[in-house]
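First up is the structure itself, then whatever we jot down about it.
What follows draws every value from the coordinates through simple rules; no lab data is involved. Because the structure is a prediction, the values reported are computed rather than measured. Here Cβ is always computed from backbone atoms with ideal geometry, including for glycine, and neighbour counts include all displayed protein chains.
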Amino acid sequence: MQGFASLKDSIPYILSYQAGATVLADLSQPPEYDVMHYCTYRNEEEIKRYSIHPVHQRFITQNKKIWEKVLVINSRLRP
């Protein structure tokens, strides 16, 4: 989580960043994903720039061996 959090210091498109462990609503089983990273951006163009940014790409290369599953969701939040 610390490595992902440090991306905010190197990639100017990330306006804010939060992360935390995921939990199921009924807590009956372990969740499918263990961590959720939540980043905000100004617009869709900056999401695209972030996704191809060399620092982000290096982070993926350095860590993909330890990830079992990755799910990326992009959305527009309502004001």
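Using alpha carbons only, how many degrees (0 to 90, rounded to 10) separate the axis of helix 54-63 from the longest principal axis of the chain? Its long axis makes an angle of about 30 degrees. Which chymotrypsin sites (Phe, Trp or Tyr not before Pro) in the stretch 38-79 pass both tests, a DSSP loop state and at most 13 other beta-carbon atoms within 10 Å? Here the sparse-neighbourhood loop sites are Trp67.
Can you compute the helix-only [θ] at 222 nm over the chain? Use -39500 (n - 2.57) per DSSP H run of at least 4 residues, normalise by all residues, nearest 500 deg cm²/dmol.
Details: 4 runs with 27 residues, N = 79.
Taken over the chain, the calculation gives -8500 deg cm²/dmol.
To the nearest 0.05, what FRET efficiency results for Phe4 and Leu24 with a Förster distance of 22 Å applied to their C-beta separation?
0.50
Computed across the chain, the Kirkwood radius stands at 14.0 Å (inverse of mean 1/r, all Cα pairs). Determine which aspartates and glutamates satisfy two conditions relative to Lys64: a Cα distance under 16 Å, and not lying fewer than 8 residues away in the same chain. Leaving aside aspartates and glutamates fewer than 8 places away in the same chain, those within reach of Lys64 are Asp34.
Given Cα pairs under 8 Å that are at least 6 residues apart, what percent is the relative contact order of the stretch 2-66?
Values: 63 pairs, mean separation 22.2, N = 65.
Here the relative contact order equals 34 percent.
Give the residue list of GluC sites (Glu not before Pro) in the stretch 25-79 that are DSSP loop and have at most 13 other beta-carbon atoms within 10 angstrom.
Numbers: sites: Glu32, Glu44, Glu45, Glu46, Glu68; in loops: Glu32, Glu68.
Here the GluC sites (Glu not before Pro) that fit, given the DSSP loop and packing criteria, are Glu32, Glu68.
Here is the list for the chain: trypsin sites (Lys or Arg not before Pro) lying in DSSP coil, each with at most 11 other C-beta atoms within 10 angstrom of its C-beta, are Arg42, Lys69, Arg76. The length gained by stretching the chain between Trp67 and Asp34 to full extension, at 0.36 nm per residue less their Cα-Cα distance, is 10.8 nm.
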